[in-house]
Structure formats: structure tokens, C-alpha cells
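Chemist: Would you mind keeping the following structure in view while I ask a few things?
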Amino acid sequence: MRNKILTVDDSKTVRIIVRKAFKPFDCDILEAANGVEGLAVAGKETPDLILLDITMPVMDGVEMLTKLKADPALKSIPVIMLTAEGGRDNVLKIAKIGVRDYIVKPFKEDVLIEKAGRIIDLKPLTDGPAKARSILDPIDVLIIEDKPAIVQQIQEGLKHTPWKFRGVNTTGEAIDSCHRQVPDVILVSLSLPEESAFTLFRLLRANIKTKYTPIFGMVVKTDTTAQQQAQTVGFTGVITKPIEMTDIEGKVVKALNLDTSLRYFTSEQEFFIMRLPEPCSTLVLSEVATYLKVKVAEAVDRGINRAIIDIHELRGLNMNVIKLLFQAMQTYKELAMQFALVGNHQIISECKGFEDTRNWTFYETMEQAKASLAAGVSAAVAVPA
Amino acid sequence: MITQISEDMIRGSITRAVQDVFKTMLHHDVVFAGASSSLNPDEGAPPLVVTESVPQVVGTVGFIGEANGLIYLYISDEFARRLTGEMLGMTPEEVAAGGDEVVNDAIGEITNMTVGGFKNALCDTGFPCKLTITSILRGSNFSVEPISSATRYNFSVEPISSATRYIFHFNCAGYRLVSDILMKIGD
């Protein structure tokens with residue numbers, strides 16, 4: 001459910017600034033111009049947070065706060081004072097009535113968001129699935145690790161990705177780095193001195209900007225205590241050492257919900273290409289199957305009616321691969337697409353050995369497949385019903 | 001216990017307040033550009049005439065308590081419109097479409113924050129006081145007179161009797177800001 005934030009201020013300017021500050025977050029802003037209106041809106045809407053000015057006509061903020069705290073139905077609503085009325089004694093007197101925080105104007109929007117984010121769960125508004133990031137985006141990865149070899153290993157192991165890596169040695173540097181630019185994902189060594197990875201985790205989760213940033217702990221496989229501790233406190237996941245790059249890549253892709261379809265589906269000129277990589281794991285096959293119909297439909301929608309299935313990278317076939325290939329061919333047939341297969345000698349030879357695949361016609365290169373489709377020749381393939 | 005506030009302290013407090021508000025809310029640097037006078041009105045301070053022909057938007061906020069006073073913040077209409085746009089993220093056209101009301105409210109809030117900063121410093125010095133509600137004056141060729149004067153322009157404002165008056169000028173983004181402070185300590 002969306003959070004409701006009530007801003008009570010006689011200045012429309014402040015109410016606009018508040019509305020603007022919270023715009024990137026999933027919340028509704030309610031407005032009132034004085035204490036009387038504020039109490040009425042609070043009673044009707046029961047907001048999750050009230051931002052309250054003091055100097056206002058009709059009823060000032062102190063009176064509204066006092067009445068709010070005297071009302072059993074409203075007294076638990078957290079209040080942040082947002083006012084030009086400061087001075088140590090004033091602040092102390094008002095704090096005693098019961099406020100969660102006190103911001104003296106002038107104020108920075110960041111400070112307001114940070115303080116509000118400590119009280120209510122402010123979720124950033126996310127883009128729709130159509131705008132979701134893909135594996136081709138330059139994902140910003142912050143690595144907090146006091147062993148430079150590990151940072152180097154990750155950078156080297158994932159250099160085939162367009163991801164950008166920032167390596168820092170300490171949690172202090174990590175905080176500065178996050179302050180300068182919030183990373184997309186954080187990898188932190190759980191073996192940093194004095195359990196500082198866990199302290200850092202708490203600090204990052206308390207900050208509205210990094211509250212939802214995926215954080216992975218990195219620890220030696222045998223250190224199950226640290227792994228359990230990380231899972232208990234709420235780390236997004238744990239990456240064990242020795243590090244397997246596919247493990248990091250897979251976990252980051254999943255945590256950021258990256259669109260991986262571009263690994264398997266592309267369009268070249270007027271051809272739609274489905275390409276299976278080696279190794280072709282169950283996970284890969286499952287991803288391809290998930291995207292298949294949508295991607296083919298998108299291609300047809302763009303006016304593409306020729307497809308190539310490229311499996312030349314595969315070292316061998318298995319039933320799961322064959323099943324997926326049949327599924328792809330069936331999809332092309334349903335949409336009246338012409339298609340051709342590209343494979344290597346091993347694949348072609350293995351296909352001859354199966355009853356259902358022995359009639360498949362393969363081309364050895366993409367160029368041959370394209371030329372064949374351009375000439376109007378489609379693969380003569382019998383697709384089982 | 002402090003019983004009086006020096007002009008230096010007044011100047012320092014208002015300068016910090018103006019700079020803080022303009023930097024935090026508008027990302028502008030403000031530079032102190034001089035003081036006009038600090039005469040007791042009973043001794044006959046001249047009326048403040050900011051600029052003869054440039055339309056002004058003047059925000060006013062008072063403070064009452066152990067220290068009492070009024071502060072006028074003079075901003076030219078042109079600069080006021082620009083500040084409004086910057087503060088609210090509006091284009092000049094949007095500000096124009098919003099009319100004087102939008103500008104008045106924005107300048108009112110800038111004045112409220114500025115006077116708040118000034119009077120909070122007074123509070124922490126041992127003169128507890130509270131802010132009053134903001135009001136706005138608009139026009140050109142007008143003055144604020146410390147006592148009844150022979151020269152009257154469009155209108156005048158009668159300040160607190162026996163108050164001390166401080167007029168400070170500031171430069172900001174090529175414009176002139178003026179703060180006119182009328183205050184007295186105690187009842």
C-alpha cells in the first residue's frame with residue numbers, strides 16, 4: 001500500500017517543494033494549509049507521516065501537534081517538524097510533545113527524504129518492465145574488498161560484460177563512494193576486520209538511497225557461520241569463494257532483474273536470430289523458453305518474417321535442447337515465418353541419429369542461412385504436433 | 001547575561017541567514033555589500049527608499065518575545081520571479097502564468113526562512129522569541145519610515161517605537177537584496 005504523507009504548511013511554496021521531493025517515491029502527498037485543516041485531513045486519511053510547520057494562521061503547528069497527540073486515533077502518527085522556528089529551547093520544548101524529527105528551514109530535499117525514509121518505507125518508483133535494464137547496460141558494481149586480488153579476479157572474470165567495477169578497501173571508502181554515486185549492486189567481503197561488512201550493511205539499509213540496492217556478501221565457502229549471519233540480517237545473497245564468475249553474474253542479473261533476452265535473441269537486417277550459447281545449461285534453456293514467444297512476436301510486429309536458429313556453438317545435443325528447438329520451430333510456423341538452422345559438424349551428425357531430427361537441414365554459416373532464406377528456401381522440418 | 005546586541009552581531013546573523021537560505025534553497029551565493037544606517041529612529045533616520053522606479057516585492061516577518069522586531073526583505077520583482085522559478089522548478093512562462101500569488105508565496109517563504117535563521121540566532125543568544133506570520137508588500141517608489149516623516153511615498157509602515165534600525169545590502173546573482181531590520185530588546 002502506498003504511503004501517505006501529509007504536509008501541513010501555510011506556504012504553498014513549501015508544499016510544492018515537499019511534493020517535488022517525494023515525487024521519485026511511491027507515496028501520496030496530502031496537503032493542508034493550517035493546523036485545523038491538518039487535523040481534519042489526518043482524521044480522514046490517517047497518513048503514515050506528517051510534516052508540520054509551526055507558524056501558521058488559524059491554528060499553529062504546536063497546537064495541532066498537541067491536539068494530535070491527545071487523540072488516541074491519531075497520536076501514533078509520526079511527525080517531523082519542518083519549520084523556520086528553531087532555537088535550542090524551542091526545539092526541546094516541541095520535541096517533548098512528541099515528534100520523531102525536527103528539520104529547521106532552510107532545508108535540502110535530500111535531508112527531508114533521508115529523515116522521512118528513516119520513519120516510513122520509501123520505495124523508489126520503478127520504471128515499467130518495458131524500460132527494464134538489460135545485460136547490455138553498464139551496471140555499476142561497487143566491490144568492498146581488502147584483498148586486491150579478488151577485485152582483480154572479478155574484473156577479469158566479468159570483462160565480457162559491459163559492467164563497470166569500482167573497488168574500495170574499507171567500509172568508510174564505500175560510504176563515500178556510495179555518497180558520490182549510488183551503485184546498482186554492492187559486493188562486500190564478509191571477512192573485513194571487526195565485522196565491518198555487517199555494520200556497513202546496516203548503514204546502507206538505513207539510507208534511503210541504498211535501502212533497496214542489492215548487497216551480496218562474499219565469503220569463503222567453508223565459513224558457514226558468516227553465510228548464515230549474512231542471510232539472517234538480510235543480505236541479498238552470498239557469493240562463496242573461490243568465486244565462480246557465473247555465480248556472480250547470475251545473482252546480479254537476478255537481483256537487478258536484468259533483461260537477458262539479448263543474449264539469445266537479436267535482429268540482423270531482416271533476420272530474427274535465436275542463438276544458443278555453450279554451455280547451454282538448464283537455466284539458459286529455461287530463460288530462452290521464457291522469452292521465446294514474446295521476442296518472436298515483437299520481431300513479427302516489426303515486420304520480420306525470416307528467422308535463423310543458430311546452435312553452432314553447442315558441443316552436443318540433449319533432449320532438453322531438442323525440445324526447445326521444436327518449440328521455437330512451432331512458434332515460427334504458427335506465425336508463418338521462414339527459418340533456417342545453423343550448426344556445426346558435431347550437431348549435424350548427432351541430429352542424424354535421432355528419429356525426430358534426422359531430416360533437419362543445417363547450414364554451416366550464418367551467411368549461407370541468410371542467402372538461403374533470401375532465396376525463399378526454408379528448412380524442411382517436420383515439427384511434431 | 002547579555003542585555004544588548006551589537007550591530008556586528010546583527011550584521012553577522014542576518015548575513016548568515018540570507019546566505020544560508022539562498023545557498024540551500026536556491027544554490028546562490030550572497031555577498032554582503034554594506035550597511036546603510038543604524039540610527040535610532042527617535043534620532044531621525046531617513047526613510048529607506050530602495051530603488052526609485054524598479055518594482056519591488058517585499059517580504060515581511062516579525063518576531064516577538066524577549067526581542068521584538070520586523071524584518072523587511074526587498075527583492076526586485078524581476079529577481080523575485082527568477083527566484084520563484086528556481087525554487088519551484090518552474091519556467092519563466094509558468095511563473096508568469098501563476099501570477100503574483102505564486103511569487104508572493106515564494107518570496108514570503110524565503111523571508112520566513114531568512115528571518116527564522118536570524119531570530120533563531122537571537123534565541124540561542126538568550127533572547128527567546130517567536131516568528132509571526134509572513135506578509136508581502138508590492139510596489140515601486142515606496143519607503144519604510146522609522147518615524148513620521150515629511151516625505152511620504154505611496155505608503156509607509158510605522159515600526160515599533162524606540163526600535164533600532166539596521167539596513168544591510170547584499171549582492172546576489174547580479175541583483176541587489178536589502179534587509180531592513182527594526183528591532184528592540186525587551187518589552
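Chemist: Give me the accessible area buried between chains B and A, both sides summed, with a 1.4 Å probe, in Å² rounded to the nearest 100.
Modeler: 1800
Chemist: Now, a different point. Using modelled amide H (1.01 Å from N, peptide plane; none on Pro or chain starts), what sits under 5 Å from the amide H of A:Leu82, excluding residues fewer than 5 places away?
Modeler: Residues meeting the amide H criterion: A:Leu52, A:Asp53, A:Ile103.
Chemist: Considering every pair of different Cα atoms, what Kirkwood radius, in Å, is found for segment A:133-255?
Modeler: Its Kirkwood hydrodynamic radius stands at 14.3 Å.
Chemist: Same structure, new question: Antiparallel as a % of all DSSP beta bridges within segment A:261-374, to the nearest 5?
Modeler: Antiparallel: roughly 25 percent of the beta bridges in segment A:261-374.
Chemist: May I pose another question? Rg and Dmax of the protein assembly as shown over Cα atoms: what are they, in angstrom?
Modeler: According to the Cα coordinates of the protein assembly as shown, Rg and Dmax are 34.0, 113 Å.
Chemist: Per-residue mean of other chain beta-carbon atoms within 10 angstrom of the beta-carbon, peptide B:103-116?
Modeler: Per-residue shielding by partner chains comes out at 5.
Chemist: For A:Lys293, which aspartates and glutamates qualify as cross-link partners when the Cα separation must be under 14 Å and same-chain residues fewer than eight apart are set aside?
Modeler: Result set, ordered by chain and number: A:Asp301, A:Glu334.
Chemist: Using amide H atoms built in the peptide plane, which far-off residues or other-chain residues are under 5 Å from A:Phe25 H to H?
Modeler: A:Leu125
Chemist: Further question on the same structure: Per residue of segment A:75-88, what does 6.51 cos²θ - 1.76 cosθ + 1.60 with θ = phi - 60° give for ³J(HN,Hα)? Whole Hz please, x for Gly and Pro, Karplus curve as stated.
Modeler: For segment A:75-88, the Karplus curve yields 5, 7, 5, x, 10, 10, 6, 10, 8, 7, 7, x, x, 3 Hz.
Chemist: Also: So what is the 222 nm mean residue ellipticity for chain A from helices alone, if each DSSP H run of at least 4 adds -39500 (n - 2.57) and you divide by all residues, rounding to the nearest 500 deg cm²/dmol?
Modeler: The helix-only estimate for chain A comes to -12500 deg cm²/dmol at 222 nm.
Chemist: Another question, then. Within 10 Å of each Cβ in B:20-27, how many Cβ atoms from other chains are there, averaged over the peptide?
Modeler: For this peptide, the per-residue mean of nearby foreign Cβ atoms is 3.
Chemist: Cut-off under 19 Å on the C-alpha distance; same-chain residues fewer than 8 positions from A:Lys69 excluded. Which lysines are left, in chain and number order?
Modeler: Straight-line reach from A:Lys69, under 19 Å: A:Lys4, A:Lys44, A:Lys93, A:Lys96.
Chemist: Ignoring ligands, DNA and RNA, what percent of the accessible area of segment A:67-175 is carbon or sulfur (1.4 Å)?
Modeler: 55
Chemist: Near the amide H of A:Leu187, under 5 Å away, which other amide H atoms are found, from residues 5 or more places off or on another chain, if H is placed in the peptide plane?
Modeler: For A:Leu187, the qualifying residues are A:Leu142, A:Ile143, A:Ile144, A:Phe216.
Chemist: Let me ask another. On the first, second and third principal axes, largest extent first, how far apart are the outermost C-alpha atoms of segment A:261-374 in Å?
Modeler: On the principal axes, segment A:261-374 reaches 36, 31, 22 Å in Cα extent.
Chemist: Please list, in order along segment A:332-344, the HN-Hα scalar couplings obtained from phi with the Karplus expression 6.51 cos²θ - 1.76 cosθ + 1.60 (θ = phi - 60°), rounded to whole Hz, x for Gly and Pro.
Modeler: 5, 4, 4, 9, 6, 8, 7, 8, 9, 10, 10, x, 9
Chemist: Return the aspartates and glutamates within reach of B:Lys130: Cα separation strictly under 17 angstrom, same-chain partners fewer than 8 residues apart disregarded; answer none if there are no such residues.
Modeler: Partners found: A:Asp9, A:Asp10, A:Asp53, A:Asp60, A:Glu63, A:Glu85, A:Asp89, B:Glu66, B:Glu109, B:Asp187.
Chemist: How large is ³J(HN,Hα), in whole Hz, for each residue of segment A:26-36 in order, when computed from phi with the Karplus curve 6.51 cos²θ - 1.76 cosθ + 1.60 and θ = phi - 60°, using x for Gly and Pro?
Modeler: Per residue, the Karplus-derived 3J(HN,Hα) values read 7, 7, 9, 9, 10, 10, 8, 9, 6, x, 5 Hz.
Chemist: If you count only protein heavy atoms with a 1.4 Å probe, what accessible area per residue comes out for segment A:261-374, rounded to a whole Å²?
Modeler: In whole numbers, segment A:261-374 has 49 Å² accessible per residue.
The values are calculated or read from the model by the stated rules, or taken from the named source; none is laboratory data. Every value quoted in this text rests on a predicted model; they were computed, and no experiment measured them. Every residue, glycine among them, receives a Cβ derived from its backbone with ideal geometry; neighbour counts consider all protein chains shown. Only protein heavy atoms, including side chains, enter the accessible area calculation; ligands, DNA and RNA are left aside. Shrake-Rupley method; radii C 1.70, N 1.55, O 1.52, S 1.80 Å.
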